[in-house]
Amino acid sequence: MSILVQNDRNFALSNRYFSYVISVEEQDILRQKYYGPPLAKPWEVLPVNPKLHRELSSSFEGIKNLNLNEALLEYPTYGRSDYRLPAFHAQNSDGNSIFSFHYKSYKILKDKPELKGLPSARGGDSETLMICLEDQHWNITLELRYTIYEHYGVLAKSSRFLNKGMHDITIQRLASSSIGLPAKDYELLHFYGTWSREFNEERINMPRGRFVIDSSRGSSSAAHNPFLAVMEIDTSEDHGHVYASTLVYSGNFAISAEKGEFEDVRIIAGINPFDFRWNLKAGQQIDTPEALHVFSENGLTGMSHQWHQFIRDRISPARFKNESRPSFLNTWEACYFDVNAKKILELADQAIVLGVEMLVLDDGWFKGRNDDTSSLGDWEADKKKFPSGIEQLAKDVQAKGLKFGLWFEPEMVNPESDLHRNHPDWILHVPARKSSLGRNQLTLDLSQSVVGDYLFEKISEILSCGFIDYVKWDMNRCMTEIGSNQLPAIQQGEIAHRYILGLYALLDKLTKAFPSILFENCASGGNRFDLGMLSFFPQTWTSDMCDPIGRLEIVNGASYLFPNDVMAAYIGPSPNHQNGRISSIKSRYLAGFFCASRGISLDIPNLEKEEIDKIKEYIAFTNFTSQEMLGGSFYRLLKEPHKFCWQFITSDASKVYLLYFHILAATNMSIPRVRLKGLNSKSQYYLKQEDLLLSGDTLMKLGFELPFLTNAPNIAAREVLKRDFVGMLYEFQIKDTPQ
């Protein structure tokens, strides 16, 4: 890892994964010269955009043939001969939008500075290049930060603006990062969805013009996860160059890829400019959320493995990195809102019989909460249901040998609640408009510090008892009527971002006050599954879709960015509540097998004995494998319309798990086969289910025959699958360590 500087005007960030080269060129304009595989001699990189004569192109400041419209600019602005989407757009006191940032200075830090009020990747074995640009006319300083790590193929970028002038400016577009790729044919990969259908994979040819994924919902959203990969044409899991971007941010975002008229591509990531206006007063500064970029020359699997290890080591809270997650029983599908102390203690006894390690009390425990129309915001135990309070309940559950978890939805309030009656001005709202409701809820205005202080106090009163092991933090609606009576009209465009800053301040205080509590991020499933939330909470409820077939696409899509360490799943009811599908306990279990946090949410007394016996078996296996689900390597081996096959190698490489699902059975078909990946070719792998010893070389080259459907007697060793929605899990154990 190194940051090299030549003549104070050329900069190369290099490690064994990539090189990123930028230079100060004519008129002190900062340009990107190269981003790709590591270079031995970065100063040999020629200018990507030499001065060329272009008909109908504007010459920057009248300099002949200096045309910025095809330059790979590090932080482009509007109206200075570049007609593509800028990284920065603002209105100055003259009423126009023309700013021009030119190189002033640089410095190198031996680690990574934190961002003010925003989560960001942790440092360590890293260096940071800070380049200062300046608009001398308006006396505005732009500080660009680049952090490179020794052991990760991740480039972290962010921007800081300081208004040192005499006049306020109104910022309308504030990007964290801009990256340019030279003219070439590319493909795009992104993930779209909605509630219970998150992380659908879409791969398209890079169109001419601009492709944008974004959210204006107040959360990063299930509609478009804040992730975009630009790839060489025909990139596969194992081959091809991939340039992937995401944000450490949980609010309104936008990531765009624009193919210009000269075929180059500009990737811009940051806060969504739609409905964003930030009044940067004289003497004030603002930091952007951090953008993270991964380059892989080993296809999508190489990209994913880089993301996974980085998120484990530098994003997710370090306290829980190596701590196995307890198996759990969640009360939701057993009781819904109809909870009380007697029922919960009975469920605890059932949990012990099943072998789970934690009982989680979901919705319905607080004052007056009998359905979803009331009481959100009134975070006190319902005395009718829990006359001795939550603390005593938690003690009683722990006395049985279980951990105890509790559900909250702190960011919302029901109109029918004491909190709303006492503080109607604490919600997001605008004058003269009746507020929209989502799940009978309004959104608390976390841009107001008093609201965050209230939530911290009320939640702390419960958590400080010392008997809460886990918190499920839910968020079940997106923002509407985004306004606040605490800010003047000129600052109303700041509220969505200020909300997120307020949320981060609250999460920071809570997780520091209660460092041993395992917090789980939930937002109607994956409606806010992002690196901002994962900076505080070590795991996320991936989706409310608990049907195994509905889950397969979701887990597959999420795995491109997120490691299984941060995912949670449970065995839910059948017929499934989201899509009505009937499936076996086994299929429901296996669909979430590779999630680090696994449990059940079922009405146990109404299950058949055979189902209960199966659940006991699977919970025992969950407890046995809980440590193995941390830190391993995940591979997507097969994805077809009715087939999924995933592979997982444990972090110590001692075991390999192979999970195969077929969705709809079909007879007289070809026999499916997959080649395993990442094994030691000289080692022997013992297949437990079939008492079979196979070499890593054979498994990776010849491959492994998967189950199939036939009407003939089963003469093969493979189990034959004769139903729909069936999964099979194979466990290989390494039997020797080659010298």
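FYI, it's all coordinate maths here, none of it is from the lab. Predicted model, so just to flag it, every value in this text is computed and none were measured. So basically every Cβ, Gly included, is an ideal-geometry build from the backbone, and we count neighbours across all protein chains shown.
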How big is region 83-163 on each of its three principal axes, counting only the C-alpha atoms and giving the largest first in Å? 46, 27, 24
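Are there DSSP H segments in the chain that both extend 18 Å or more along their axis (alpha-carbon positions) and score a mean Kyte-Doolittle hydropathy of at least 0.5? List them, or say none.
Details: long enough: 341-354 (20 Å, 0.84); 449-463 (21 Å, 0.67); 495-513 (27 Å, 0.56); 609-625 (24 Å, -0.65).
Within the chain the helices that satisfy the rule are 341-354, 449-463, 495-513.
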Additional length obtainable on full extension of the chain from Phe262 to Phe274, 0.36 nm per residue less Cα span: 1.6 nm
When each pair of different Cα atoms in region 326-629 is counted once in the 1/r mean, what is the Kirkwood radius in angstroms, to one decimal? 20.0
Under the rule of -39500 (n - 2.57) per DSSP H run of 4 or more residues, summed and divided by the residues of the chain, what mean residue ellipticity at 222 nm is obtained, to the nearest 500 deg cm²/dmol? -5000 deg cm²/dmol
Do any trypsin sites (Lys or Arg not before Pro) in region 1-34 lie in a DSSP loop with no more than 16 other beta carbon atoms within 10 Å, and if so, which? Arg9, Arg16
Loop by DSSP (not H, G, I, E, B), at most 16 other beta-carbon atoms within 10 Å: where is the longest site-free stretch of the chain for chymotrypsin sites (Phe, Trp or Tyr not before Pro)? 338-739
Averaged over all directions, how much area does the convex hull of the C-alpha atoms of region 2-315 cover when projected, in nm²? 15.8
At R0 = 25 Å the Cβ-Cβ FRET efficiency linking Lys41 and Lys107, nearest 0.05, sits at 0.55
In debye, nearest 20, what is the charge dipole magnitude of the chain about its Cα centre with +1 on Lys and Arg Cβ and -1 on Asp and Glu Cβ, if you could check? 540
Could you sort out which of Lys639/Lys682; Lys385/Lys458; Lys403/Lys609; Lys639/Lys688; Lys110/Lys321; Lys677/Lys722 sit more than 21 Å apart by Cα distance in this structure? Lys639/Lys682; Lys403/Lys609; Lys639/Lys688; Lys110/Lys321; Lys677/Lys722
Placing +1 on the Cβ of each Lys and Arg and -1 on the Cβ of each Asp and Glu in region 2-315, which of Asn200, Gly180, Ser100 has its Cα farthest towards the positive end of the resulting dipole? Ser100
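In region 172-248, what GluC sites (Glu not before Pro) fall in a loop by DSSP, with at most 15 other Cβ atoms inside 10 Å?
none
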Considering amide H positions built from the backbone, and no H for Pro or chain starts, which residues 5 or more places from Cys546, or on another chain, come under 5 Å of its amide H? Gln578
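Within 15 Å, Cβ to Cβ, of Ser681, how many net charges do the neighbouring residues add up to if Lys/Arg are +1 and Asp/Glu are -1?
Details: positive: Arg675, Lys677, Lys682, Lys701, Lys735; negative: Asp697, Asp736.
Local charge sum for Ser681: +3.
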Would you mind checking the radius of gyration and Dmax of region 258-346 based on alpha-carbon positions, in Å? 23.2, 70
The chain: D in µm²/s via Stokes-Einstein (Kirkwood Rh, Cα pairs, 4 °C, 1.567 mPa s)? 47
With a ≥ b ≥ c the root eigenvalues of the C-alpha gyration tensor of region 42-131, is it rounded (a/c under 1.5), prolate (a/b larger than b/c) or oblate? oblate
